[in-house]
Structures are given as C-alpha cells and as structure tokens.
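**Q** Mind looking over this structure? Questions follow.
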Amino acid sequence: MPAAPRVIVKRANTAERVAVALRTAIARGELVAGAHVRQEEWAQRLSVSRAPAREAMKMLVSEHLLTYDTHRGYFVNDVDPKQMADVYLVRTLLEAEVLKTIRWPTDEELATLRKLAHETVDLLTDASIHDALDVAQSLQFAIYDLSNREFLVSEVKRYWEIAELYRALSMGDEAADRPAAKRLRAYHRELFAALESHDRERLIAHNTSWRSTILKRYSPAT
C-alpha cells in the first residue's frame, strides 16, 4: 500500500535559508570536498544566529552533503560524478525491473500518491528542499511497494539512499531560480498519466528518460 499522506511541517525559514545557501555553495564549487564549514562563519555571513546554522548543517549531514566530526566540526563530503553516474545507471535498471512488476494502484491509492506529489512540489516551491526530498522519496517508495519483488524493491531503495547526496546537491543548485518545481510538475503529470492508463511501457520509458535527463544536466562534460 502507498504511504499515508504526510502532513507538511515546515522548518524554520532561517534554517532553510542557510541550508539552501550551503547547498548552492557546494554545487557551485565555492565549498569543495573536504572544506571545513564553520557555523559561526555562515551564521555571520547570512545574518542569522548559530542555532539555525547548526540545524541547517544537521540537515545536510542527513543528506550526506556534509559529515560531522565531534572534535572538528562539519566538512563537505566528496562528490564523484562518475561514481554517481554509475549509481544512477544501476538504479535506473533496477527501477525498470520493479516497474515491470507493480500492480496498478486503486483510485484511493492514486489519490494518496497525488497528495504526496503535490506536497513535494509545494515544499520545493517554498525552498524546503530537505523536506521535499523526504516526501519525494515517500512517493517513489510507495510506487515501488506496489511490486511483489521484495528483493529488487529493497535494492532500488538502497540505491536511492546512495544517490541522496547527488539528489540534494542537484536540487540545491536550482533553489535560487526554482526551475526544479516546474520540471517536477511535468514529471508528475506524465507519471500519473501512465499509472492511470495502465501503460507499463510508457511508465518505464518515462522513468528512464527522467533519470537520463538528470544525469545529463548535472554530469560534467568529459
């Protein structure tokens, strides 16, 4: 069964603002792998207190963009585009196999999935990227859970978690101009069109195309 609709609980705007600024700095190379991210420096830079700066950094730790050392503080994680391309490739192949075996959702389940989709876009539009990532995951996992291939589903979910760093980074890079919400709405329209028409080939092709587009957009030229 799809996950129950989540209630949107927005984080403090100041913490979200700091998190967006940090993601953008990482995505644009201002903060490189291994860089020490100091709470005091970013609190001063963004004219906030240390509390929301600390909350924002904890959010980025859960997204795997930062690591935390008890004695030294917060540091930027290493992002290997080639490795992440391989992760997305494996994930796309596994997703295709899972989508081949899902049962079609009932009307009630579709309504639940739609609520999750709308919530994701609302959070993203509000620049609540951390929460948007969480709800987006709930939506995708609910679709995977329509399959009875439990091992494949567990592997897809595992690779989704591995890709969390890349997802947070790519979404954070778009926060200032908000183009991600528009693209996500288009993705959801096609997703639900395929689910409602019981068109498995369309569903798999759409999912594969979406993953490919993300990789092309964020993978550096070689």
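**Q** Identify, please: which residue in the range 84-135 is farther than 24 Å from K216 by Cβ and among the small types (G, A, S) and is, among those, modelled with the lowest pLDDT?
**A** Out of the qualifying residues, it is A127.
**Q** Taking the range 140-161, which residues are in contact (Cβ under 8 Å) with a residue 60 or more places away in the chain and part of a helix (DSSP H, G or I)?
**A** F141, A142, I143, E155, V156, Y159, W160, listed by residue number.
**Q** Of these, A85, A56, A117, A127, which one is part of a loop (DSSP other than H, G, I, E, B) and in contact with a helix residue (DSSP H, G or I) (Cβ under 8 Å, 6 or more places away or on another chain)?
**A** Going through A85, A56, A117, A127 in turn, the sole match is A127.
**Q** Can you find, within the range 76-101, the residue that is surrounded by the fewest Cβ atoms within 10 Å (Cβ to Cβ) among those that are closer than 14 Å to L191 by Cα and hydrophobic (A, V, I, L, M, F, W, C)?
**A** In this case the residue turns out to be A96.
**Q** Can you name the residue in the range 1-52 that is touching an Asp or Glu at 6+ places or on another chain (Cβ under 6 Å) and crowded, with 20+ Cβ neighbours inside 10 Å and, of all such residues, is modelled with the highest pLDDT?
**A** A15
**Q** Further question on the same structure: When the residues of the range 147-156 are narrowed to those that are of a type in the set (A, V, I, L, M, F, W, C) and within 11 Å of T101 (Cβ to Cβ), which ends up surrounded by the fewest Cβ atoms within 10 Å (Cβ to Cβ)?
**A** My answer is L152.
**Q** Report yes if some residue within the range 182-189 is over 17 Å from the mean Cα position of the chain (by Cα), part of a helix (DSSP H, G or I) and at pLDDT 95 or above; otherwise report no.
**A** Within the range 182-189, one or more residues are over 17 Å from the mean Cα position of the chain (by Cα), part of a helix (DSSP H, G or I) and at pLDDT 95 or above.
**Q** Here is a follow-up. Suppose the filter is assigned to a loop (DSSP other than H, G, I, E, B), within 20 Å of I129 (Cα to Cα) and not assigned by TED's automatic domain parsing to the domain that holds A163; does V48 pass it?
**A** yes
**Q** Which one of Y166, Y144, Y218 is buried (at least 16 other Cβ atoms within 10 Å of the Cβ), at pLDDT 85 or above and touching a helix residue (DSSP H, G or I) at 6+ places or on another chain (Cβ under 9 Å)?
**A** Of Y166, Y144, Y218, the one residue that is buried (at least 16 other Cβ atoms within 10 Å of the Cβ), at pLDDT 85 or above and touching a helix residue (DSSP H, G or I) at 6+ places or on another chain (Cβ under 9 Å) is Y144.
**Q** I'd like to verify a number: residues in the range 61-75 that are surrounded by 20 or more Cβ atoms within 10 Å (Cβ to Cβ) and either in the same structural domain as E201 (by TED's automatic domain parsing) or not in a loop (DSSP other than H, G, I, E, B) (or both), how many?
**A** Residues meeting the conditions: 2.
**Q** Let me ask something else. Can you tell which of A117, A136, A127 is assigned by TED's automatic domain parsing to the domain that holds K182, within 16 Å of the chain's Cα centre (by Cα), farther than 20 Å from W210 by Cα and of a type in the set (G, A, S)?
**A** So the residue among A117, A136, A127 that is assigned by TED's automatic domain parsing to the domain that holds K182, within 16 Å of the chain's Cα centre (by Cα), farther than 20 Å from W210 by Cα and of a type in the set (G, A, S) is A127.
**Q** What's the total number of residues in the range 88-101 that are closer than 15 Å to S154 by Cβ and not in a helix (DSSP H, G or I)?
**A** Of the residues in the range 88-101, 1 are closer than 15 Å to S154 by Cβ and not in a helix (DSSP H, G or I).
The values are calculated or read from the model by the stated rules, or taken from the named source; none is laboratory data. This structure is a prediction, so every number in the text was calculated from the model and none was measured. Glycine also receives a Cβ, built like all others from the backbone with ideal geometry; neighbour counts cover every protein chain displayed.
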